[in-house]
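Notes for the one structure printed next.
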Amino acid sequence: MAATDTTLKTKTATATIMEHFAGLEDPRVERTKDHDLLNMITIAICAIICGADGWTGVETFGKAKLAWLQTFLDLPNGIPSHDTFGRVFARLKPEAFQNCFSRWIQAVVAVTGGQVIAIDGKRLRHSYDTWSSKAAIHMVSAWASANHVVLGQRKVDAKSNEITAIPALLEILEIAGCIVTIDAMGCQKAIAQQIVDQDGYYVLAVKDNQPYLHDDIQRLFQWADNLDFSDIVHDTVHETGKGHGRVEIRVGWTISDPTCLALLTEYAAWPQLRTVIRVQATRIIGTERTTETRYYISNLPADTPHLARTALHAVRRHWSIENELHWVLDIAFREDDCRIRKGFGAENMAVLRHIALNLLKQEHSQSLGIKNKRLLAGWDNNYLAKVLAI
């Protein structure tokens, strides 16, 4: 790729990012604005793509790549110091930053109807501050399982839990026609209602935090088993997989019979409840055999094509947020080792990591893992330009 082509593509890509972050309020007073906020955000994104894990790394990247950065950024005062990066991102309003992030990714990535959007939380283990009695922050993220991108995130309040963060996250997402999956913590009537109000479908795990519902669903399936599901509106799917020295057998059942669902004690209280789901997963490793049974509720209607297969797919894709997001953030980005703690710094750095991960996930010209993509982007400006140009 010619240098002029690389510069043009980089300018176009960064202009797209800047466009969606342009509304951010700069937390600094006018006399201290030696460096443009959008330029700082762009430098930070590029640096984290290329392997930086903190503000010192961001400054080091900027100074090493100053000549390249100047081909598309106006940097009259050079590269900000790591202290400047730290101060600005510690004061930048995180919700506004996250809203800009969400608008940007939903503008450039088409999330089609029927896709599974998994919502789950992750604690940033070293973001605590003993001296100020500040606990490690907990971020709840939305993951588009087919697009392999983070759609948005919200921090859990220090004295609360994911139940309060999930509604705030849902508000900034376009979920119409999508299947939203949440673990048992998010199995709440208000959350189900919000998903319905936003024209989405929910698949919510049911465990002992909803004891009456869990016991009722369990008994309903036992009763259906005894009847061999005769005269009950239901669907079934059976899948077997083999790999990594193990065999996995997954069986899914759905009951969408209104007469049967009406037997649930709290049936009327759950918004648009149309289907209950049972998933039985058996894992065989050598002579060892383990089986786990899980239950879910959903507003997927009975006439959904291949309902049991759709439900089982949603349940399985939920775990992609662990394997493709949380695990990658820990291994490739070393998120749990990050010791940024001041102000909103840890929360905003988490968003920058999400931006970098999204960009790296969407670049498919190299068959490399995320860690090696980061290395290559740091070594090769042409490849970094490709990563930026999603």
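Only one of [x] 25.8; [y] 21.8; [z] 22.8 was calculated from the structure for Kirkwood radius over Cα pairs in Å, and its label is [z].
With all projection directions averaged, the alpha carbon convex hull of the stretch 256-390 covers 14.5 nm².
The local environment of Ala308, defined by Cβ-Cβ distances under 11 Å, has a net charge of +1 under the rule Lys, Arg +1 and Asp, Glu -1. Counting only residues at least eight positions apart within a chain, or on another chain, the lysines with an alpha carbon under 22 Å from that of Lys189 are Lys155, Lys159, Lys207. For the chain, build the charge dipole from Cβ charges (+1 Lys, Arg; -1 Asp, Glu) around the Cα centre, then report which of Thr293, Ala52, Leu264 sits farthest towards its positive end. The residue sitting farthest along the positive end of the dipole is Ala52. Take every DSSP beta bridge whose two residues both sit in the chain; close to 85 percent of them are antiparallel.
Compared with the dominant principal axis of the Cα atoms in the chain, helix 307-318 is inclined by about 40°. Between Ile284, Ile249, Ile49, the GNM of the chain built on Cα springs shorter than 10 angstrom shows Ile284 fluctuating the most.
Taking Pro94, Pro80, Pro27 in turn, the Gaussian network model of the chain (Cα-Cα springs below 10 Å) assigns the largest fluctuation to Pro27. Measure out, as a whole number of angstrom, how far apart the alpha-carbon centroids of the stretch 30-70 and the stretch 133-184 sit. Centre-to-centre (Cα) distance: 28 Å. The GNM of the chain, with springs linking C-alpha atoms under 10 angstrom apart, assigns the highest mean-square fluctuation among Ile321, Ile172, Ile119 to Ile172.
Taking a ≥ b ≥ c as the square roots of the Cα gyration tensor eigenvalues, the stretch 81-223 comes out oblate, since a/c reaches at least 1.5 and a/b does not exceed b/c. When shorter helices are ignored and each DSSP H run of at least 4 residues is given -39500 (n - 2.57), the per-residue value for the chain at 222 nm works out to -12500 deg cm²/dmol. Using the Karplus relation 6.51 cos²θ - 1.76 cosθ + 1.60 with θ = phi - 60°, the per-residue 3J(HN,Hα) values for the stretch 96-106 come to 5, 5, 5, 5, 4, 4, 5, 4, 5, 5, 6 Hz, with x marking Gly and Pro.
Leaving out ligands and nucleic acids, and using a 1.4 Å probe, what accessible area per residue does the chain come to in Å²?
Details: 17950 Å² over 390 residues.
Per-residue accessible area for the chain comes out at 46 Å².
For the residue pairs Lys65/Lys342; Lys122/Lys371; Lys33/Lys371; Lys11/Lys386, alpha carbon separations beyond 22 Å are given by Lys65/Lys342; Lys33/Lys371.
Given contacts defined as C-alpha pairs under 8 Å and at least six residues apart, what's the relative contact order of the chain, whole-number percent?
Details: 657 pairs, mean separation 80.6, N = 390.
It comes to 21 percent, rounded to a whole number.
The values are calculated or read from the model by the stated rules, or taken from the named source; none is laboratory data. Fair warning: this is a prediction, and the values are worked out from it, not measured in the lab. Here the Cβ is made from the backbone with ideal geometry for all residues, glycine too, and neighbour counts use every protein chain on show. Protein only, heavy atoms only, side chains kept; ligands, DNA and RNA dropped before computing areas. Shrake-Rupley method; radii C 1.70, N 1.55, O 1.52, S 1.80 Å.
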